[in-house]
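The values are calculated or read from the model by the stated rules, or taken from the named source; none is laboratory data. Since the model is a prediction, treat every value here as computed from it, not as a measurement. Every residue, glycine as well, gets a Cβ built from its backbone with ideal geometry; the counts of neighbours run over all protein chains shown. In case anyone asks, the SASA skips ligands and DNA or RNA and just uses the protein heavy atoms, side chains included. Shrake-Rupley method; radii C 1.70, N 1.55, O 1.52, S 1.80 Å.
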Amino acid sequence: MIKVKGYDVEFKFSQLKKRVDLIEQDGPLLSLFISNNGDYYLYYWLDCNDSYNRWLLLRVDLDSLERYIDGKLSLRDIITNPLDGLVWLTDIDADMKHNNTKLVPVGDIPNDYIPTPQSYFKFEKNKEIVNAINTDKYEILIPHSERSKFSKLVAKMGWKLSSGFIHNIAQKAAVL
């Protein structure tokens, strides 16, 4: 496996719950996980040797995830522009234990580990995938009498109405 520059770190993998495998071929290649606090993470298989399977892990926002599943954003774009500016690389052994976990700046990801520019999701968007993504969306009901005020606020803020927008508003409202 390729030697990777990065910072040795501890990551609480036990706080992630697998939602769905997005791409499979003789096992998962790209999987969606969710953390205890509701953040989405992608696990992307990179490499292996006799002892480990190497995975790249990154946090992803709902809008990017939906655009990827809809074929409008490539996996390369997600990996090279992660939310945190960093990714984690970890080697998983046969006992499913994480080893050699590193926090890696995007610029230090080896080119061989970055997907091609054509890495768009071209698979069936099955019910399991749709449910895994839609489970945590919220519905906001705006009284008819308040819709014009809401529309003006949306326009003033330069926001675009989308499922990701609605999800983000609901998350922010829950914090307030």
(request) Could you tell me whether V106 is touching a Leu at 6+ places or on another chain (Cβ under 9 Å) and either modelled with pLDDT of 90 or more or open to solvent by 70 Å² or more (accessible area, probe 1.4 Å) (or both)? (result) yes
(message) For Y68, only one of the following conditions fails: (1) surrounded by 12 or more Cβ atoms within 10 Å (Cβ to Cβ); (2) assigned to a loop (DSSP other than H, G, I, E, B). What is its number?
(response) (2)
(request) Among the residues of the range 19-60, write down those that are touching a helix residue (DSSP H, G or I) at 6+ places or on another chain (Cβ under 9 Å), charged (D, E, K, R) and touching a residue at least 24 places away in the same chain (Cβ under 8 Å). (result) R19, D47, R54
(request) Look at the range 63-80 and say how many of its residues are at pLDDT below 95 and either within 21 Å of F13 (Cα to Cα) or of a type in the set (S, T, N, Q) (or both). (result) 2
(message) For a quick check of your reading of the model, give me the residue pairs whose first member lies in the range 74-100 and is on the phi > 0 side of the Ramachandran plot and open to solvent by 50 Å² or more (accessible area, probe 1.4 Å), whose second is modelled with pLDDT under 95 and among the charged types (D, E, K, R), with beta-carbon atoms closer than 8 Å and at least 6 apart or on different chains.
(response) N100/D8
(request) State the number of residues belonging to the range 22-62 that are among the acidic types (D, E), outside any strand (DSSP E or B) and at pLDDT below 95. (result) 3
(message) Restricting to the range 1-41, count the residues that are open to solvent by 100 Å² or more (accessible area, probe 1.4 Å) and farther than 17 Å from N53 by Cβ.
(response) 9
